[in-house]
Structure formats: structure tokens, C-alpha cells
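The next block holds one structure in the form of C-alpha cells; read it before the comments.
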């Protein structure tokens, strides 16, 4: 059984590394050198994330995001390095629920802005149904491109109402493509898909100060129809007079929701990381632990990581991992592509451990474990002679396709061909 | 826990981190902001400004997101209340608040994790907080009142290292008396002012190769003569002191009797308090 030792490790990266070693990327097994080994992180726009207190933060252009996600098992927030693809957000007024674009569906109500929001500002709204004769709701049209499944998300917080509802409704077809009913108990939500509605609730994220972000899929969206994002502060009983807090309605032309995009962030740009990798091709392993947040979107195009291949991803020789109905690795030497794949489709927000080993003869094998469960090992496949050098001396993270990955830990090592248990033992020891 | 805590990293030091930039709300000639991390402990070497009764702030912009979990303020500070904040957009949007503390005015036994931090026996202040990772850090010192302004002699913020129990013997109170003395012909000693200076050695015994890999980074800073805050016992942070390495060759090595690295790092207290 190969045992990983510090001298086998070429680099480590990720949120866990930052919390333990002080920076997102370190050479070898520890921060051994004061002359540092640094990442080049680029993103041509600002982006948002959640800090360890559970509150929203904004990262400036090109600044990495230390995103903290609550571990449902321990209840503790754990650090990740948020890596995302380009995302154009489609709700015209994601925060200003008093804007003209948000129209009243029926009844009488009030929309009171200036409420404390999850980002430490005062851009949230308290929306109240003040009319005991109708169900007060507001709606805004979302213009999608292309039919199919779409990612949606919104922040909600308990007001005086015991129930809050949010829908993406196709008013042309008279169908809810997504609908979530939030039932409040002492400010804590219980969510369920509204009866008859389509879509799925992917996650309910706790944020600070009573806020929760609901992320979901809207299914069967027909872009040519009129699709309305509808906020209902109460239940659907006309006599209800109560209120709920809302903030940050988002929708995307993509399968999965991503990080929050406010009115100043209509388009969040592609995130890309380049790490120096001045090492020759040889037997190596690459372990990556991350949250599955939608790498399956953009089948076959995304690159979770790649060695060589140049900035455009086209150079050879190169080695990379993509998702094309399943995770798999590709070794491309002058157009001769060999591949090792692993069956198993992670669900949204699963904690994925993906280990790729490549032997000195180019034989590759993938191992996958979900949520700390038993690993499944793919069939070894794809031996070919390793090249003398990679096409460039870089290790790339994300930067191509629809990668949506909060990265917990990346370990790139040489010489040994460890099992997943070996890697986990090394992590436990370090 | 009763483990030692070592703080060597200082994100405010432009010697350690040459690409970091300090930006004070104001600074006066002779009391510039860089002096908080220049290694000098004299109360005359400090950061302060001119304007009275206003909020002072000192921001450090880092070259990459860095994690920190300990803050230490050198003796001689005039700072009744301290706010520590982090940001990833240069404080353009509401910052990530770490704490807002009224500093204790007296030294008493306390854990490094205590809510208000601990004033040490020599008059420094230290506190450990849940680890933060961000690109920008900032302290704020709210207006102190009419006719008053803050003053900071030394400030360290960084990621600490808890190496595990130190090898025995370890005596954080072992010290030398530093004094000029001249014996008279009657055998009496004529002495100048005497200073107690702690000296000793940190004995490490790593328990794995990975242990050593992490420690090398911190030891490397120490090896270059940079001051290190030594908290001998995290439950008794009031006994913390600052030390630098002694010149002779030292370091961790593998000995015949034990597989992993072990060894001694001799230290001497850095600019001890005179009294």
C-alpha cells in the first residue's frame, strides 16, 4: 500500500489549506518557504460569498473568495475556495422590490425597503399583505434564453407570517416551474415544493441574522412564454394579513444556481486560477475535495483542473479532468487522447472526493467518494507514453466551462499511486 | 489545552511580507504607521497621529488572502478600545467584524481565547480569535475623548502555530540578570540598573513528517531573527513574552534515538521591560 509522505507532495490548495497553513496555495506539505509559491487568481468582476459568521461579503475584482459553508453533520462552517464560471443573472431588479418592474398580482400590500440585509446593508424589503380580501403578491418578468431547467435562488427571512412562498411561474402556460413553500417555526424555515409546482429545492443555506437562501431548479421553462418571479409574503389564504422579508432574487440560464448576484453584478465573470507547476510528466496523483455545485452544467466543456494545455485549454500535452455525464480524466499527447472515467453522479452540494492517479506508463484511474462514503474505483484505462514535458508549466483550476466548485482541498503529488484511504490518512496526519 | 502558542507571522510587517501595504487614517512624522511592525519595543517608537478625539484606523492590504487567528499589541499602547475587521473588497462594502473589545486595564490570569484578550505581565495585550481569511485587515480605535489620541508601539496579526507540548525541560521563567557590575576592592559589587531577561530554549519533538513540514515555515521566520511571541501555555496567556533567536547554530534534526525531527531553538527575550 503506497504511503504518501511530505516529499511526495508538489502542491496543496483550497479552503482547508488556508485555514491551516495561512494561504490558499502552498508548496509541498507545508508552508516551508518564506519565498512564497503563489496563485494567480483572476475574475474580471466582483463576486459574493459567505464569511465564517454566516454573513454575506463582497470580493473585489481578482480577489479570491474564502467561502464558508455549513457542514450539515457538524453544524460548523467550513472554509472553501469558491471557484465559479461566468454567470449572467436575469432578474432585472434582484433587490429593489419597490421598482416598477415588480408589479402587484392582486390585493393590497406594502413594500418597505431599508431593511437589514444579509450583507450588512439595508437593501432588504419587508413585504406585507395588508388586505384580508386578497392574496397580495408581487412579480417580475424574467427573460430566459432557451428552454429547459434553470437555476433560481432567493433570500427569505421570517416576518409576522408563518408561511412564505416563492415561485417562478409560467403565466402563459399557467404552470409553476419552481415553487417553494417556507413554513416558519421561531424563525427557522421548513421548506417544501408547492403542490403542483415543478422544480426542486437544492439547498437552504443559513445566513446571518435570520436570513436563509433558498436555491433551486426550475424545470420545464419555456423561454418564449412569460415567466414571472413571484413573491408571496403569506400563505395563499386571502384572509391572511402578515409580512415576510425578502432579498436578492436571482435566476440564470443555467441548470444550477450560483453565488448571489446583486444589481451591480449582472454578469459575474469567469474565475480562473493558475498555479506554477514546473514539473515534468511522471507518475502522479491529484486529489480534489470539493462541493458539487453544478460542474455537470456544460457537459464535456468544463475543466475542473488541468496540467498544461495553455491558457486557452487547447495545448498538448495536457492532462485534465472534465465532466461529461461522469467525471473523467483525459491525457492528451499530440491529439492522442486516453481517458479514465468513474461512474457516479454527485447530487447538488455533495462533498466529492475525486482522486486521479496516473502511472509512469500513462495508465490512469479515477476514484470517487461522496459525502465521506465508500469509494468507488473506476476501471484503469488509457496507457500511453508520457511526454517529455507538458505544453506549459502551469496547473490550472477552473477557468473553463461551467465549473461551480467550492474547493476544500487539492493535493498534487508525484511518484506514488495512493488509494483514497492513503490520501485521507495523509490529510489526517497533516 | 495547556499548549504553547507561537506567533511569528505578522501581516503588518513589510519585512516579512514585502508586498503588503499599510494605510493609516493618519500618521505624524516620526510616528509613522510602519513603526508598529519594525521590531522596536521602545515606547518612543510608535504609531500615532496628530488629531485628537477622532477615530484612528490602520489598514493592511495583503498580496493574497491570508489567514490569521492571533493579535498581539506591544506594551505601551494607548488604546482603550480596539475593533478588528476584515474585508475582501478593500472595505467598500460592510466589513467582516471579528471583535470590538474594550481592552483590560490590568494583567490577570487568562486564556488566550478569553473574550477580552489578556493583558500580559509586562503590559502587552494578546488575543486569539477564530481563524479568518481575507485580503484586507483593519484595526479601528474609536475616538477616545477630548484631548486624547491613541498610540500603538507594536502590533502583530497573523496565523499562530501550536506545535504541541514542548520537550522538557522548558522553563519560560528562566532568566538572566543583565547588569554591569564592578567589584570593589572590599568585595562589594557596584551595579548599574539590572534587567531580568528571559532566556531558554524551545524543545520540539515532532510526531510526524507532516508536523515538521508545517513547523518549518514558522521556524524559518524565527531563524531570520524575527521576533516571536511565545505563549508558554494558552491557558496562561498573561505569561507571554517576545523573543528572538540566539545566534549559534541550531535547528531541528533527526537524532539516533527518535525517528522524526526534534531539537532545540534557543531564544532570548527581546528588549525586556526595564524596571
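Would you confirm whether any residue within segment A:59-67 is under 18 Å from residue A:204 (Cα atoms), crowded, with 24+ Cβ neighbours inside 10 Å and in contact (Cβ under 8 Å) with a residue 60 or more places away in the chain? Yes - at least one qualifying residue is present in segment A:59-67. All conditions in (1) surrounded by 18 or more Cβ atoms within 10 Å (Cβ to Cβ); (2) under 29 Å from residue A:131 (Cα atoms) hold for residue A:216, with the sole exception of (2).
Within segment B:214-224, is there a residue that is under 22 Å from residue B:37 (Cβ atoms) and assigned to a loop (DSSP other than H, G, I, E, B)?
Looking for residues that are under 22 Å from residue B:37 (Cβ atoms) and assigned to a loop (DSSP other than H, G, I, E, B), one finds at least one in segment B:214-224, hence yes.
Against the list (1) under 22 Å from the mean Cα position of the chain (by Cα); (2) away from every other protein chain (no Cβ under 14 Å); (3) assigned to a loop (DSSP other than H, G, I, E, B), the condition residue B:201 fails is (3). Considering only residues in segment B:248-275 that are in a loop (DSSP other than H, G, I, E, B), more than 18 Å from residue B:70 (Cβ to Cβ) and in contact with a strand residue (DSSP E or B) (Cβ under 9 Å, 6 or more places away or on another chain), the one that is modelled with the lowest pLDDT turns out to be B:275. Residues that are within 14 Å of another protein chain (Cβ to nearest Cβ), assigned to a strand (DSSP E or B) and at negative phi occur in segment A:412-430; there is at least one. Taking the numbered list (1) within 21 Å of residue B:160 (Cβ to Cβ); (2) surrounded by fewer than 16 Cβ atoms within 10 Å (Cβ to Cβ); (3) in contact with a strand residue (DSSP E or B) (Cβ under 6 Å, 6 or more places away or on another chain) in turn, residue B:224 passes all entries but (3). For segment B:87-98, the condition of being away from chain A (no Cβ under 14 Å) and either modelled with pLDDT of 95 or more or in a strand (DSSP E or B) (or both) holds for none of the residues. Note on segment A:378-398: among residues that are modelled with pLDDT under 90 and not in a strand (DSSP E or B), the one that is surrounded by the fewest Cβ atoms within 10 Å (Cβ to Cβ) is A:379. When segment B:124-135 is filtered for residues that are buried (at least 24 other Cβ atoms within 10 Å of the Cβ) and at the interface with chain A (Cβ under 9 Å from one of its Cβ atoms), the ones remaining, listed by number, are B:132, B:133, B:134.
How many residues, within segment A:124-140, are within 30 Å of residue B:86 (Cα to Cα) and out of contact with any strand residue (DSSP E or B) (no Cβ under 7 Å at 6 or more places or on another chain)? Here the count works out to 0. Taken over segment B:169-179, the residue count meeting the criterion of being exposed (fewer than 10 other Cβ atoms within 10 Å of the Cβ) and in contact with a strand residue (DSSP E or B) (Cβ under 7 Å, 6 or more places away or on another chain) is 0.
Within the option set A:289, A:268, being buried (at least 18 other Cβ atoms within 10 Å of the Cβ) and more than 27 Å from residue A:375 (Cβ to Cβ) holds for one residue only, A:268.
Scan segment B:42-51 for residues that are out of contact with any strand residue (DSSP E or B) (no Cβ under 7 Å at 6 or more places or on another chain) and farther than 11 Å from residue B:26 by Cα and jot them down.
The answer is B:42, B:43, B:44, B:45.
The residues on offer are A:160, A:74, and the sole one that is part of a loop (DSSP other than H, G, I, E, B), in contact with a strand residue (DSSP E or B) (Cβ under 8 Å, 6 or more places away or on another chain) and away from chain B (no Cβ under 14 Å) is A:160.
Scanning segment A:22-38 for residues that are within 7 Å of another protein chain (Cβ to nearest Cβ) and either at pLDDT 90 or above or within 24 Å of the chain's Cα centre (by Cα) (or both) turns up A:22, A:23, A:24, A:38.
Between A:316, A:325, A:338, A:367, which is surrounded by fewer than 23 Cβ atoms within 10 Å (Cβ to Cβ) and touching a helix residue (DSSP H, G or I) at 6+ places or on another chain (Cβ under 7 Å)?
The conditions single out A:367.
Residues that are within 14 Å of chain A (Cβ to nearest Cβ), in contact with a helix residue (DSSP H, G or I) (Cβ under 8 Å, 6 or more places away or on another chain) and assigned to a loop (DSSP other than H, G, I, E, B) within segment B:160-174 comprise B:163, B:164, listed in sequence order.
The values are calculated or read from the model by the stated rules, or taken from the named source; none is laboratory data. If you're wondering where the values come from, they're calculated on a predicted model, not measured in any experiment. Cβ atoms come from the backbone with ideal geometry, glycine included; neighbour counts cover every protein chain shown.
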